[in-house]
Amino acid sequence: MAKKEASDLHLKPMRPPLLRIKGRLIPLNADALQPKDLEEMLLSILTPAQRERLEAHQSVDVGYGLTGVARFRCNIFVQRGSYAAVFRRIPFKLPSISELSLPEVLESFVHLPKGLVLITGPTGSGKSTTLAGIMRSIIEKRPVHIVTIEDPIEFLFADGKAAVSQREVSTDSPSFNEALKNMFRQDPDVIMVGEMRDWLTMQTAITAAETGHLVFSTLHTNSAAQSIDRIIDSCPQEQQAQVRSQLSIVLQAICSMSLIETSDGSGRAPVVEIMINSPKIQKHILSGEIKEIHEEIENSVNYYKMQSMNQSLIALLCNKRITYAKAMELSADPEDLSLKLRKLFPQIEENQRGGLMASDSDFSQITQLLEIKRLYEEQEEKWKLRLSEKDEEVNKYMMDLRDQKRVIEGRDQVLTDLESENAKLKTDADRVGREMQQKIAQLNERIKELNQRLMLAEGGGRAAAGGGAASGGGFFKK
């Protein structure tokens, strides 16, 4: 099992051992097991007390370990008068939430101060492994005392920041009920109950959550709504209203698990439904409106990070982790999954199914095509409306742009006119300047000419006066 990384080993008379590898049962290349040999093998790993329980109840749960190999959870039972057994392999190393490819919102469960958190799903869906991943995070991050009650102990938890006390029914405590009764005297902060099997266990877990403890447990149900129904239906009729009120207060979250084969065949991927006890969910639980919970889960993806199984399958399909056929096979409501795909990602359904008309005589395929056509037309109308709105915006911007362009062109024309006028004024100024220079030059010449005449006139006057004293020069002398 360890070498081939099988999850389970089936032993039954008159056939070879079977290994469950990646979800499929595969027989070993070995001789068929004989009833007497199988009985000797199985009884040899039981203690006297376990043998007594097997004889009394025709079934017994056993924890079995091989040093350096793995631990195993084993159920030995009687079938058709002979012994058979199933071993579940439990790795020594605790997985982390990220290593298990689980949604990040599960990490928030680690930091809850109190309340009840349920991990649910069918047998072999990864409940115990997911719970072990959450416990690992608590051990690494919180200085608390963790008490576990299991039948039998599966994963072995080593102390970290947290101190861990693991109690096994029939080994460390005579019964589940006795272990639960003594649990409150052991100063627990976090309580892990391996499985809520009956009403007494459920009642004790709810009470522990009410008294300020953080309680984790598992339940064999397929969805969050089914888990709530299962708890309420398990209690006596006269207490159901009270339990519904208690659950609406103490329940923190439900994580429903399943495993699906990956598209490349390399293993299995988790499909996860997550319900967080939001105010609306709380109201639905209190009012007994359990059917409304599924719709609220799907509508609370963005704010509370909830998701339904079908939404988880769509995420896996979009990321090409799984095939369309496997998704439809696993989905509890394949019609809803198909409708969601048609609305969100129609190409996935068309490509994966290889066309919609499976049979020429199947009218339902016609109605499917008509429904798809209607959805496409609705989408087309929405896009046309959006495009029309965008066109209006574009036209408005274009008109604004034209107005701005006209303003700019007007300004350019004004600048051109001003530049032309400025050039004309400059030309006129240059012309006037040149004319003034010419006039000044002409005036200077005229002045010069007049000075010469005055000088000549004064010279003649002095000669006529007989050489008298000079009277001071011409008019323009200065």
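The values are calculated or read from the model by the stated rules, or taken from the named source; none is laboratory data. Given the structure is predicted, the values throughout are model-derived calculations rather than measurements. So basically every Cβ, Gly included, is an ideal-geometry build from the backbone, and we count neighbours across all protein chains shown.
Here are a few things to note about the model shown:
- Note on region 246-262: among residues that are under 13 Å from I274 (Cβ atoms) and of a type in the set (G, A, S), the one that is surrounded by the most Cβ atoms within 10 Å (Cβ to Cβ) is S256.
- G126 in the same structural domain as S44 (by TED's automatic domain parsing) and over 20 Å from D198 (Cβ atoms): no
- Selection within region 134-169: residues that are part of a helix (DSSP H, G or I) and in contact with a Gly (Cβ under 6 Å, 6 or more places away or on another chain). The member of this set that is farthest from A253 (Cα to Cα) is E140.
- Residues being touching an Asp or Glu at 6+ places or on another chain (Cβ under 9 Å), over 21 Å from K127 (Cα atoms) and of a type in the set (V, I, T) - total across region 265-321: 2
- T67 among the β-branched types (V, I, T) and closer than 29 Å to A225 by Cα: no
- Pairs meeting the criteria (first residue in region 264-290 and over 29 Å from R321 (Cβ atoms) and in the same structural domain as G115 (by TED's automatic domain parsing), second residue in a helix (DSSP H, G or I) and among the basic types (K, R), beta carbons under 9 Å, at least 6 apart or on different chains) are H284/K291; I285/R244; L286/R244; S287/R244; G288/R244; E289/K283.
Yes/no per residue for (1) without any contact (Cβ under 8 Å) to a residue 12 or more places away in the chain; (2) farther than 30 Å from G23 by Cβ:
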{"site": "K127", "(1), (2)": "no, no"}
{"site": "I134", "(1), (2)": "no, no"}
{"site": "E154", "(1), (2)": "no, no"}
{"site": "T171", "(1), (2)": "no, yes"}
{"site": "P174", "(1), (2)": "yes, yes"}
{"site": "I191", "(1), (2)": "no, yes"}
{"site": "W199", "(1), (2)": "no, yes"}
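- First in region 305-321 and closer than 14 Å to E335 by Cα, second anywhere and modelled with pLDDT under 90 and buried (at least 20 other Cβ atoms within 10 Å of the Cβ), Cβ under 7 Å, 6 or more apart: I314/L341
- Breaking point among (1) under 30 Å from L341 (Cα atoms); (2) surrounded by fewer than 18 Cβ atoms within 10 Å (Cβ to Cβ); (3) in contact with a helix residue (DSSP H, G or I) (Cβ under 9 Å, 6 or more places away or on another chain), for S266: (3)
- Residue match in region 277-284 (condition: surrounded by 14 or more Cβ atoms within 10 Å (Cβ to Cβ), at pLDDT 90 or above and part of a loop (DSSP other than H, G, I, E, B)): yes
- Members of region 170-194 that are surrounded by fewer than 20 Cβ atoms within 10 Å (Cβ to Cβ) and modelled with pLDDT under 90: S170, T171, D172, S173, P174, S175, N177, E178, K181, N182, F184
- Filter pass, P113 being surrounded by 13 or more Cβ atoms within 10 Å (Cβ to Cβ) and assigned to a loop (DSSP other than H, G, I, E, B): no
- Residue match in region 210-225 (condition: out of contact with any strand residue (DSSP E or B) (no Cβ under 9 Å at 6 or more places or on another chain), at pLDDT 90 or above, under 17 Å from I138 (Cβ atoms) and assigned by TED's automatic domain parsing to the domain that holds I146): yes
- Those residues of region 14-55 which are over 47 Å from the mean Cα position of the chain (by Cα) and in contact (Cβ under 8 Å) with a residue 40 or more places away in the chain, in sequence order: P35, L38, E39, L43, A49
- Here the condition is being modelled with pLDDT of 90 or more, touching a Pro at 6+ places or on another chain (Cβ under 8 Å) and surrounded by fewer than 13 Cβ atoms within 10 Å (Cβ to Cβ); of P48, P17, P27, it holds for P27 alone.
- Any hit, region 275-297, residues being under 15 Å from the mean Cα position of the chain (by Cα) and acidic (D, E): no
- Taken together, V69, V105 contain a single residue that is out of contact with any His (no Cβ under 8 Å at 6 or more places or on another chain) and buried (at least 17 other Cβ atoms within 10 Å of the Cβ), which is V105.
- Among residues of region 1-41, those that are in a loop (DSSP other than H, G, I, E, B) and either in contact with a Leu (Cβ under 9 Å, 6 or more places away or on another chain) or among the basic types (K, R) (or both), counted: 16
- The one condition from (1) within 28 Å of Q237 (Cβ to Cβ); (2) in contact with a Ser or Thr (Cβ under 9 Å, 6 or more places away or on another chain) that K291 does not meet is (2).
- On inspection, R167 fails the criterion of being touching a residue at least 24 places away in the same chain (Cβ under 8 Å) and either in contact with a helix residue (DSSP H, G or I) (Cβ under 9 Å, 6 or more places away or on another chain) or of a type outside the set (A, V, I, L, M, F, W, C) (or both).
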